[in-house]
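> The structure that follows is given in the form of structure tokens.
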Amino acid sequence: MNLPSCPIQNLQVSARLRISEFTWQDAADLAHMHQNPRVRELLMDDLPLDTTNAAQRFIDGMQRFYRQYEGTGIWRAERAIAPDAESVAQARQAYAEGEIHETLLALVEAPTWQFCGWFSLVHLMDAPDALEIGARLSPDAWGAALALDGGEWLLNQAFQTLKREQVFGHCSPRNRSAAHCLRVLGFERVGLAPYNGQQAERFSLSRVRWQQWGMLPRRERQRQALAAAKAGR
């Protein structure tokens, strides 16, 4: 499928998440994230990205990848940081009293955006025609549902934009958080499978299932995901 070249920049996926293609300016943030042992502890593809030079080489390759395989890639993730509540209150009071214009008020109320990791939609090494989703977030972004926000965007990208019929997901057998996230997104466990020289838990999701599953409220999907985990599915 030939897709038009359309770089993804500052795409707001949700109120708390936006993604962009990586640029050279992200090398320091990328290296810093990979210097954290908690980030790398359960990775199934632990590339040496903990130096700025290594991160820059990765970004250079990814920039070529974006154009060679339009619609897929590994994208920078940023999370929204809410503005200081006191500053917002003062700005709203000033606006009510006519001291500032609405443009300035909007600037004060707007969140700042902070690098928090990446989301990926790439081809499987052992099955180039198949796609898998992935996420790698810094610990300060864990537990905020960002993985679900980004995962839903990745699935829409795969099924709606790229017209794929099936998508895979993989994680370490010890990574219960990643497995739970995949289940909440609708994936079903396939079993152990070879992955980068290791054994990974493989999950699969079809377009038909996503069309139905994605209509459910997230809370209901979480409930069913917990039940599936208990049943070993």
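The values are calculated or read from the model by the stated rules, or taken from the named source; none is laboratory data. Bear in mind that the values here come from a model prediction, so they are computed numbers and not experimental data. Positions of Cβ are backbone-derived with ideal geometry, glycine not excepted, and every protein chain shown enters the neighbour counts.
> Scan Arg202, Arg209 and give me the residue that is among the basic types (Lys, Arg), surrounded by 13 or more Cβ atoms within 10 Å (Cβ to Cβ) and part of a helix (DSSP H, G or I).
Criteria check complete, one pass: Arg209.
> Further, regarding this structure: Against the definition (in a helix (DSSP H, G or I), among the small types (Gly, Ala, Ser) and either closer than 23 Å to Arg219 by Cα or touching a helix residue (DSSP H, G or I) at 6+ places or on another chain (Cβ under 6 Å) (or both)), how does Ala144 come out, yes or no?
no
> Just wondering, is there one or more residues in segment 192-210 that are in contact with a Leu (Cβ under 7 Å, 6 or more places away or on another chain) and under 17 Å from Ala145 (Cβ atoms)?
Scanning segment 192-210, I find no residue that is in contact with a Leu (Cβ under 7 Å, 6 or more places away or on another chain) and under 17 Å from Ala145 (Cβ atoms), so the answer is no.
> Can you tell me which residue within segment 70-98, out of those that are among the hydroxyl-bearing types (Ser, Thr, Tyr) and at pLDDT below 95, is surrounded by the most Cβ atoms within 10 Å (Cβ to Cβ)?
The qualifying residue surrounded by the most Cβ atoms within 10 Å (Cβ to Cβ) is Tyr95.
> Looking at Arg183, Arg164 in this structure, which one is more than 21 Å from Ala127 (Cα to Cα), modelled with pLDDT of 95 or more and either surrounded by 15 or more Cβ atoms within 10 Å (Cβ to Cβ) or among the polar types (S, T, N, Q) (or both)? Step through it out loud before you land on a result.
Numbers: Arg164 fails: more than 21 Å from Ala127 (Cα to Cα).
The match here is Arg183.
> Can you name the number of the only condition in (1) crowded, with 16+ Cβ neighbours inside 10 Å; (2) in a loop (DSSP other than H, G, I, E, B) that Asp46 fails?
Just one mismatch for Asp46, condition (1).
> Quick one: Ala193 ticks every box in (1) free of Cβ contacts under 8 Å to residues at least 24 places away in the same chain; (2) more than 19 Å from the chain's Cα centre (by Cα); (3) loosely packed, with under 15 Cβ neighbours inside 10 Å; (4) not in a helix (DSSP H, G or I) except a single one, so which number is it?
(3)
> Return the pairs, sorted by first residue and then second, in which the second residue is modelled with pLDDT under 90 and not in a helix (DSSP H, G or I), the first residue lies in segment 221-233 and is surrounded by fewer than 16 Cβ atoms within 10 Å (Cβ to Cβ), the beta carbons are less than 9 Å apart, and the residues are 6+ apart or on different chains.
From residues that are surrounded by fewer than 16 Cβ atoms within 10 Å (Cβ to Cβ), the pairs are Ala227/Arg233.
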